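First comes the structure, then the notes that go with it.
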Amino acid sequence: MANWNDPQPTRTGFGASPNLNGEVMGRGGTAVDQGLRRYMLSIYNYMASGVLLSGVVALLFQGVAAQLMLSGSPLMWLIMLAPLGFVMAMSFGINRMQTSTLQALFWGFAVVMGLSLSTIFVVYTGASVAAAFFASAAAFAGLSLVGYTTKKDLSGMGSFLIMGVVGLIVASLINIFLKSPGLYWAISFLGVLIFAGLTAYDTQRLKNAYYHVAGTEFMGKAIVMGALSLYLDFINMFQFLLSFMGDRR
């Protein structure tokens, strides 16, 4: 979601030249098309592998999560906040880190995110978790396809949606004290819509970014950070959808 790789209008990909429409083209466009497909496929593979790893960790540690929640252990807060630390480290350290370091942090993030997600099996029934996951997966696939294929520029929508994320965070913090059921449902509903929109926006942003990182040393980093962006879109959409439609134990 962060704008770490927003396209720079004056820069072209290595070994390529822009056509009249400003697009980077190889010979007949074939080389670029194949490179773009490999680039996007690498992002989706990282993202899907990260989600799978988080899911396995969440299933394995659900019993531990239940004990920590019942005991009120402060370790629960550390587990819940740890993913944010990984995201901040990756986002702010991208220019100083090696690609291998970013990859290691991504897998570490997926593990601690799985630990954090293990609490959902304590709060919600397994059937509702599965239903929300598959609904989110279907929505993510469709929205990402829209973002990849649409000719419409979604950059303006992205700025609006990122402001919406800030609003969700503020509203969620306020509702910790208000404990309003109405505000809770509104946050969940809007959260689904906002991260659905961000899925399409981030997909288009990552596609456009390819033309500026292709053939450079930054490409490996761009793949990892792109996977992180889509992972966050999917997981947040899943969590808000589960809050909206999930059956509590």
* Asked: Hey, can you rank 90-103, 132-145 by average C-beta count inside 10 Å, highest first?
  -> 132-145, 90-103
* Structure fact -> Rounded to the nearest 10, the angle in degrees between the Cα long axis of helix 75-93 and the longest principal axis of the Cα atoms of the chain comes to 10
* **Where Rh is the Kirkwood radius over Cα pairs, Rg/Rh for the range 28-245** => 0.98
* Mind listing the Cα extents of the range 141-249 along all three principal axes, in Å, largest one first? -> 51, 27, 26
* Asked: Roughly how tilted is helix 62-71, in degrees to the nearest 10 and between 0 and 90, from the longest Cα axis of the chain?
  -> 50
* Relative to the longest principal axis of the C-alpha atoms of the chain, give the angle of the C-alpha long axis of helix 126-149, reported between 0 and 90° and rounded to the nearest 10°. => 20
* Asked: For the range 72-139, what is one quarter of the convex hull surface built on the Cα atoms, given in nm²?
  -> 6.1
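Bear in mind these aren't lab numbers, they're just calculated from the coordinates by the rules spelled out. Everything numeric here is computed off the predicted structure, so don't read it as measured data. Using ideal geometry, Cβ is built from the backbone for each residue, glycine included, and neighbour counts are taken over all protein chains shown.
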